[in-house]
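For reference, the structure is listed below as structure tokens.
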Amino acid sequence: MAGFSPEWLALREPADHAARNPQVLAAVGAHFAAKASVTVVDLGCGAGSNLRGTYAALPSRQHWTLVDLDERLLAATRQTLAGWADEAREQGEELVLTKGDHMITVDTRQADLNKDLEWVLGWQPDLVTAAALFDLTSKRWIERFVAALTSLRLPLYTVLTYDGREIWQPPHPADASVLAAFKQHQHTDKGFGPAAGPDATDVMAEAFRKSGFAVSIGDSAWRLDGHSGELTQALARGIADAVLETAKVDPDTMAGWLATKTQSASALVGHHDLWARPV
């Protein structure tokens, strides 16, 4: 799977944190409320945003193993987390953070989630997490992932899985054709086989329920406004580039669409959060 730039991840982080579904996050926190400490493996960690968005709901002592294929992002993650924490110190290969009344120990590990998935899950944490990951993976990979979690009886908390909803204001005549082409692009291979794209949450939920897990799903749509101008522009450019790769919308139409969207007053981009646990 191709990586994402630290700049893009930093740009989207405020929108990601604002969009998280509070009911789903509260249910995760309640599940672990009686524990003094918790171990977490975060898949496709990027720049560590998921840790920053989740830690406050979990017990005060935490150990996170952050997993990504991209060594650049893993290095950037350590630097970003050290700057985010109230205090940070190196302890061998671990980074020990203090944030409020939380003490968080962090390991970073490079791994390929295609080849190394079962090895990573074999660390048997209390919780597996991910953010904006599963729409990039295939239906077959998701089913393999769920089977591995089921065999180890590991719960999953994942956020910000794209679900295909987009509403831009003001509208443009090409909105429907652009969205259809973008969804087609979302199903192309991102390194795991043909991607589940907007269907990923439904695929995961069905696989977990068939495995006897309890599943909770909550809306976590981005709601962008005039204060999100830089993110809105970057998002529109990314969509336009993807659509042009499909050749389903002609370049002149895309240029007009992009000009409108980079000046948009608001945009809703649909995502879902999911919490699945063995019962």
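What the table shows:
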read-out	value
Residues (without any contact (Cβ under 8 Å) to a residue 60 or more places away in the chain, in a loop (DSSP other than H, G, I, E, B) and over 16 Å from residue 245 (Cβ atoms)) located in the range 155-189	171, 173
Residue in the range 131-149 that is under 26 Å from residue 70 (Cβ atoms), acidic (Asp, Glu), buried (at least 21 other Cβ atoms within 10 Å of the Cβ) and in contact (Cβ under 8 Å) with a residue 40 or more places away in the chain present	yes
Flag if residue 5 is closer than 29 Å to residue 114 by Cα, surrounded by fewer than 19 Cβ atoms within 10 Å (Cβ to Cβ), without any contact (Cβ under 8 Å) to a residue 40 or more places away in the chain and more than 13 Å from the chain's Cα centre (by Cα)	yes
Residues (among the aliphatic types (A, V, I, L, M) and closer than 22 Å to residue 136 by Cβ) located in the range 29-43	40, 41, 43
Those helices (runs of 4 or more DSSP H) lying entirely in the range 1-110 with at least 3 residues of a type in the set (S, T, N, Q) and out of contact with any strand residue (DSSP E or B) (no Cβ under 9 Å at 6 or more places or on another chain)	none
Scope the range 81-98; condition in contact with a helix residue (DSSP H, G or I) (Cβ under 8 Å, 6 or more places away or on another chain) and touching a residue at least 12 places away in the same chain (Cβ under 8 Å); matching residues	81, 84, 95, 97
Residue list for the range 51-91, filter: within 14 Å of residue 101 (Cα to Cα) and of a type in the set (Ser, Thr, Tyr)	55, 60
Elements of type strands (runs of 3 or more DSSP E) in the range 190-279, at least 2 residues being not hydrophobic (A, V, I, L, M, F, W, C)	213-219, 266-278
The range 223-247, residues that are charged (D, E, K, R) and under 22 Å from residue 180 (Cβ atoms)	237, 241, 245
Options 109, 52, 78, 72; residue that is under 27 Å from residue 11 (Cβ atoms) and surrounded by fewer than 15 Cβ atoms within 10 Å (Cβ to Cβ)	72
Residue in the range 202-245 that is surrounded by the most Cβ atoms within 10 Å (Cβ to Cβ), counting only those that are basic (Lys, Arg) and without any contact (Cβ under 8 Å) to a residue 12 or more places away in the chain	209
Single unsatisfied condition, residue 64 versus (1) under 18 Å from the mean Cα position of the chain (by Cα); (2) at pLDDT below 95; (3) not small (Gly, Ala, Ser)	(2)
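The values are calculated or read from the model by the stated rules, or taken from the named source; none is laboratory data. These numbers come from a predicted model, not from an experiment. So basically every Cβ, Gly included, is an ideal-geometry build from the backbone, and we count neighbours across all protein chains shown.
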